[in-house]
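Single-structure report; data block below.
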Amino acid sequence: MATGLFSHPDCNLHDMGDWHPECPGRLQAIEDQLIASRIEPLLVHEEAPMVDEAELLRVHRAEHVEFIRALAPDAGYAEIDADTRMNPYSWRAAMRAAGAAVAATDAVLDGRYDNAFCSVRPPGHHAEPGRAMGFCLFNNVAIAARHALEARGLSRVAIIDFDVHHGNGTEVAFAGDERVLMCSFFQHPFYPYSGGEPLASNMVNVPLAARTNGATMREAVELMWIPALEAFRPEMIFVSAGFDAHREDDLGGLGLVEADYEWLTAQICAIAKRYAKGRVVSCLEGGYNLSALGRSVASHLKVLTEA
């Protein structure tokens with residue numbers, strides 16, 4: 001089998017302004033680096049479908065979905081908060097991003113791929129059941145995880161989040177749900193100023209101080225994530241793959257490099273092989289230095305294609 005790469009041209013049309021770091025060039029930077037690193041031929045490309053709205057409602061309140069739909073402008077921009085805007089294409093892009101996560105989940109569970117990566121935008125992990133924020137409209141990973149549990153009959157799934165920002169939306173969606181174990185690290189204190197105290201016992205939160213390097217991160221993962229994942233024995237692993245903890249990314253203050261993302265992915269794949277038949281679905285979250293983003297995703301996918 002192979003690694004699936006799910007994306008769609010609609011994801012490039014979402015735009016929040018020339019000044020905004022969450023820009024269409026992110027996906028092109030990833031594609032360019034995958035070609036340059038000779039990983040692209042090892043991937044099977046699939047176009048992401050539009051998500052069924054019933055899938056959105058597994059995580060998001062109906063009024064939130066209607067708010068996002070109604071807010072989409074016919075021209076120009078509509079502002080959600082100081083960081084988050086919509087243009088006329090944002091609704092379709094968000095529906096494709098969530099659709100990619102669900103389609104990738106089905107493809108991996110059906111045995112078409114060993115694992116999959118969703119190269120999509122807008123990202124998702126800050127989106128709470130009733131609120132869009134932090135560049136995020138719908139929570140792609142949460143929607144996919146809930147699909148695996150409620151539509152595909154899995155009993156236990158793990159969510160790994162290694163973005164520099166805490167995945168507050170995912171934590172709110174699953175706090176107290178014993179079917180889900182969420183393991184994350186993030187810079188703290190830092191936007192969105194949450195996660196320092198976990199909301200429930202199924203959250204393994206690892207706050208890291210600014211300028212934390214890869215060696216310290218690895219030690220924390222080995223001490224806190226791995227034992228929890230071993231005890232939980234997930235049947236599938238979802239990854240909120242943010243690459244803004246890279247030392248070259250100005251939107252964060254951590255000190256990771258490509259080798260750290262390669263190591264992290266290897267740990268995730270090892271747990272997946274042991275308990276989840278190798279099943280991993282990874283979705284792009286942050287990463288705003290275009291060169292560092294492309295290199296880091298290539299490192300991530302290198303391990304996935306070899307798993």
task = Tally the residues that are assigned to a strand (DSSP E or B) and of a type in the set (A, V, I, L, M, F, W, C), restricting the search to the stretch 129-157.
result = 3
ask   = Given (1) assigned to a strand (DSSP E or B); (2) in contact with a Pro (Cβ under 8 Å, 6 or more places away or on another chain), where does PHE6 come up short, assuming only one miss?
value = (2)
task = Scan the stretch 245-287 residue by residue and report those that are closer than 26 Å to PRO189 by Cβ and in contact with a Cys (Cβ under 8 Å, 6 or more places away or on another chain).
result = CYS283, LEU284
key: Filter result for ARG38 (at positive phi, free of Cβ contacts under 8 Å to residues at least 24 places away in the same chain and surrounded by fewer than 21 Cβ atoms within 10 Å (Cβ to Cβ))   = yes
message = For the stretch 224-283: of the residues being among the aromatic types (Phe, Trp, Tyr) and surrounded by 24 or more Cβ atoms within 10 Å (Cβ to Cβ), which is nearest to ILE30 (Cα to Cα)?
response = PHE243
request  = Test PHE232 against the stated conditions and say whether it is among the aromatic types (Phe, Trp, Tyr) and in contact with a Leu (Cβ under 8 Å, 6 or more places away or on another chain).
outcome  = yes
key: Filtered residues of the stretch 80-128 (kept if among the small types (Gly, Ala, Ser) and part of a helix (DSSP H, G or I))   = SER90, ALA93, ALA94, ALA97, ALA98, GLY99, ALA100, ALA101, ALA103, ALA104, ALA107
inquiry  = Which count do you get for residues in the stretch 218-258 that are part of a helix (DSSP H, G or I), in contact (Cβ under 8 Å) with a residue 40 or more places away in the chain and either within 29 Å of ALA107 (Cβ to Cβ) or of a type in the set (Ser, Thr, Tyr) (or both)?
reply    = 8
task = Could you list, in sequence order, all residues of the stretch 26-35 that are surrounded by 15 or more Cβ atoms within 10 Å (Cβ to Cβ) and either without any contact (Cβ under 8 Å) to a residue 40 or more places away in the chain or of a type outside the set (S, T, N, Q) (or both)?
result = ARG26, LEU27, ALA29, ILE30, GLU31, ASP32, LEU34
key: Positions within the stretch 100-130 being acidic (Asp, Glu) and in contact (Cβ under 8 Å) with a residue 40 or more places away in the chain, in sequence order   = ASP106, ASP114, GLU128
request  = Go through the stretch 11-67 residue by residue and tally those that are under 28 Å from ASN289 (Cα atoms) and assigned to a helix (DSSP H, G or I).
outcome  = 18
request  = Among the candidates GLU46, GLU63, GLU79, single out the residue that is in contact with a strand residue (DSSP E or B) (Cβ under 7 Å, 6 or more places away or on another chain), exposed (fewer than 15 other Cβ atoms within 10 Å of the Cβ) and on the phi < 0 side of the Ramachandran plot.
outcome  = GLU79
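Here, each number is a calculation from the coordinates, and none is a lab measurement. Computed from a prediction, not measured in an experiment: that's the story for all the values here. Glycine gets a Cβ as well: all are built from the backbone with ideal geometry, and neighbour counts include every protein chain shown.
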